[in-house]
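Visitor: The structure is given below, and queries will be raised subsequently.
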Amino acid sequence: MMNIPLKTPLLAVVTATLLATGCSAINLKSHSPATAAEAVSLAASESDQELAQTYLLRSADSFQQAGNHDAARRILTSAPLSAPLPELRNQHLLLAMASATALDDHSWADTLTQALPEDQFLNYGPGLAARAGELQANTFQLAGKPLSAANTLMRMVDNEVVADLQSAHNQIWQALRALSDESLTQESQRAIGYSSQGWLELAAIMRQPDAELDEQGRSIRNWQQNWASHPAAGQLPEELQLIAMLVQERPEKIALALPLSGDLASAGAAIRDGFLAAYYDDESARNFNIDISVLDTNAKPFADQYQDLAASYDLIVGPLQKSSVAELAQQDSLPTPVLALNYLPEELSAPLGMYQFGLAAEDEARQIALRLNQEQLHQALVLIPTGDWGDRFEHALRQAISAHDGNALNTIRFLPSENFRAVTADLLSITESRQRAIDVERTIGLNVEFEPRRRQDADAIVMVAPPTIARQFKPLFAFYFAGDLPVYSPSLVFQGTPDPSRDRDLNQVRFTDTPWVLAEHNAFRDQATAAFDHIGGQLGRLFAMGADAYKLSTRLPLLKNVQGASIEGQTGTLTMAADGSIHRAQLWAQFVNGAPKLLPALPHAESTEQVPE
């Protein structure tokens, strides 16, 4: 006899009663559970394993059809389905892949692909093979195994089970792009079969360093001739189609509009020099009649200048001032495209025809948050200077940390004139610790021995400060018992030129900066610094920004129209968001003996995949 509390929900009472009576009143062949827990519980009490597993798979499918993939996941990963019967394995795998990809569950995807054959989709009938193959490729990608994803898609094309050949080729190309150079080389040496060998050769020739558009276009055409019978020869991935097209459609008349007088004259000159240096370094430009005009934006309001320029140029690069970029946002569309060298405020939307590029604080804030997440550091203490720049950095950092399920435990804003010892004590809650001791003494009326303690819930510090201030903060962290916490900073912490004697106090600080500053081998930078004597420090970063602005001027349609397209630039890996804003992914370094030492890239999803023997 069961004792059931009076307040127990009716569903629980019914379920408990049925379980106690051996579920004799429930027909699992037709029953539809209200919750995943109910389904798992009923299946666990069923002695017929095939009936129980069939019931669970049908229930999971029902929850999926209703859009409840969380419930489906609970069922599909439950104990009764830990070892599906051989005749049910394919159905279980198909449902599991559907929910894993819908939920973006990397861990589950990794488990599902541990022993997943690349031709698994062929185990399904003609009506399901295409769907199974698509899910299989997506699951491999989610598990960080782009090579297996690409191979799956190649097999699907070879077996003619793809619903959309162009889409399949696009996906194969994006998967191959995600491979490291080392993995691509290894697989090229091992590959057998006409299709895979052709794809891998195509991926390899498009990896040629510093190849300009016309050279890439020529390489694509040569590959098509050499692999004329290859499936991709007649239907290239859209990104490569666009590259081939862009060779003939780059802008011929460009207006470079910058502040060449006034407060921003030195910044404008550095960007101008970088833009023109990249132009003269571009051998492919010699095949086109490109006319670049350099204009001073301090002459009059830029909205008025734009009207004068629009009729005469194919592309306008600039302006640099944020206020001038905001002026253009008042228009619904820009007949002549504009690559603005700054970003609009959040409350303004970019008009059609506007692209935005710059050295945005927000990009570095997002990269710090991503790095913290990659290193499993989810509780951060944050130091940021006061001011508009700091406001934007804090807003972007908080958003990005939250998006990665982290938490900014305490954020302290500081002025350069403040007492940094007091600021650090507040950041680490040393002040609160002292106050608690004082309160205890007052309560008991006795002096007590006291050693202050920092807060114990933090696992990292984000220090946003220029070198002169950062050199003071870093030792204070150790003084206040936080020397064990890793410290992360934006490029602001490094002046751009190594200064080991002064930067020893920054040892172990990790920071993000541009390839222009951190890349060990950079031919363009070496040539530029030999030719220009004024591009050190921040002006060097602006010079690099100018060089990337030129590179972007020939590739804006590529970034806009091809999902996942990117450009390796002097300021980072450049990608475009839906609103036309360019985002940068920079490199990482750590101060060692007072000098930056380049850190290896953290393992991307691709690096978890082993190239088959």
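The values are calculated or read from the model by the stated rules, or taken from the named source; none is laboratory data. What you see is a predicted model; the values in this text were computed from it and never measured. We place every Cβ from the backbone using ideal geometry, glycine too, and count neighbours over all the protein chains shown. When the accessible area is computed, the model is the full protein with side chains, heavy atoms only, and any ligands, DNA or RNA have been set aside. Shrake-Rupley method; radii C 1.70, N 1.55, O 1.52, S 1.80 Å.
Visitor: Kindly sort His395, His69 by accessible area of their heavy atoms, largest first, with the probe set to 1.4 Å.
Guide: Result of the area sort, largest leading: His395, His69.
Visitor: Below 23 Å Cα-Cα, how many Lys pairs turn up in the chain? Only count pairs eight or more apart in sequence, or on different chains, if you could.
Guide: Qualifying lysine pairs in the chain: 8.
Visitor: If you don't mind, another one. Run through the DSSP bridge list for the chain and note the antiparallel percent, rounded to the nearest 5.
Guide: Around 30 percent of the beta bridges assigned by DSSP in the chain are antiparallel ones.
Visitor: Any idea of the accessible area per residue across the chain, 1.4 Å probe, to the nearest Å²?
Guide: In whole numbers, the chain has 47 Å² accessible per residue.
Visitor: So what's the stretch 110-164 giving for Cα Rg divided by 2.2 N^0.38 Å, two decimals?
Guide: Here the Cα radius of gyration is 1.01 times the empirical estimate.
Visitor: In whole Å, what are the extents of the stretch 485-613 along the principal axes defined by its C-alpha atoms, from largest to smallest?
Guide: Principal-axis extents of the stretch 485-613 (Cα, largest first): 48, 45, 32 Å.
Visitor: Oh, and also: Just to make sure I understand: if all protein chains stay in place, what is the order of Tyr355, Tyr194 by accessible area at 1.4 Å, largest first?
Guide: Of Tyr355, Tyr194, the descending order of accessible area is Tyr194, Tyr355.
Visitor: If you don't mind, another one. Take the stretch 522-598, compute every pairwise Cα distance, and split them into 5 Å bins from 0; I just need the percent in each bin.
Guide: Final binned percentages: 3, 13, 20, 21, 17, 13, 8, 3, 1, 0.
Visitor: Report the GluC sites (Glu not before Pro) located in the stretch 152-194 that are in a DSSP loop and have at most 14 other Cβ atoms inside 10 Å of their Cβ, or state none.
Guide: Loop-located and lightly packed - Glu160.
Visitor: Next question, about the same structure. Starting from the eigenvalues of the Cα gyration tensor, five times each then square-rooted, give me the equivalent ellipsoid semi-axes of the stretch 164-295, largest first, whole Å.
Guide: Taking √(5λ) for each eigenvalue gives 38, 17, 13 Å, largest first.
Visitor: Using DSSP loop states and a limit of at most 10 other Cβ atoms within 10 Å to flag trypsin sites (Lys or Arg not before Pro), what is the longest stretch of the chain containing no flagged site?
Guide: The reported range is 30-613.
Visitor: For the chain, what does -39500 (n - 2.57) per DSSP helix run (n ≥ 4), summed and divided by total residues, give at 222 nm, in deg cm²/dmol to the nearest 500?
Guide: -15000 deg cm²/dmol
Visitor: Follow-up question, since we're still on this one. From the convex hull of the Cα coordinates of the stretch 320-360, what is the mean projected area in square nanometres?
Guide: 2.6
Visitor: Follow-up. Restricting things to alpha carbons, find the Rg to Rh ratio for the chain using the Kirkwood radius for Rh.
Guide: Using only Cα positions, Rg/Rh for the chain is 1.04.
Visitor: With the cut-off at 1.5 for a/c, could you classify the stretch 449-540 from its C-alpha gyration tensor as rounded, prolate or oblate?
Guide: Cα axes put the stretch 449-540 in the prolate bin.
Visitor: Compute the Rg/Rh shape ratio of the stretch 75-119: radius of gyration over Kirkwood radius, all on alpha-carbon atoms.
Guide: 0.94
Visitor: I would also like to ask the following. Hey, if we sort His106, His521 by accessible area with the 1.4 Å probe, largest down, what's the order?
Guide: His521, His106
Visitor: To continue, here is another question. Taking Cα pairs under 8 Å and at least six residues apart, what relative contact order does the chain come out at, in percent?
Guide: Taking the mean separation of contacting Cα pairs over the length of the chain, I get 11 percent.
Visitor: If you keep only loop residues by DSSP, which GluC sites (Glu not before Pro) in the stretch 197-276 have at most 13 other Cβ atoms within 10 Å of their Cβ?
Guide: Glu252
Visitor: Would you kindly compute the Cα radius of gyration of the stretch 95-219 and its largest Cα-Cα separation (Dmax), both in Å?
Guide: Calculated on Cα positions, Rg and Dmax stand at 15.2, 46 Å.
Visitor: While we're looking at this one, here's another question. Taking 1 over the mean of 1/r across every pair of different Cα atoms in the stretch 309-409, what Kirkwood radius in Å do you get?
Guide: Hydrodynamic radius (Kirkwood, Cα pairs) of the stretch 309-409 is 15.3 Å.
Visitor: Another question, if that's okay. For the chain, what % of the accessible area comes from carbon and sulfur atoms, probe 1.4 Å?
Guide: Percent of accessible area from carbon and sulfur atoms in the chain: 49.
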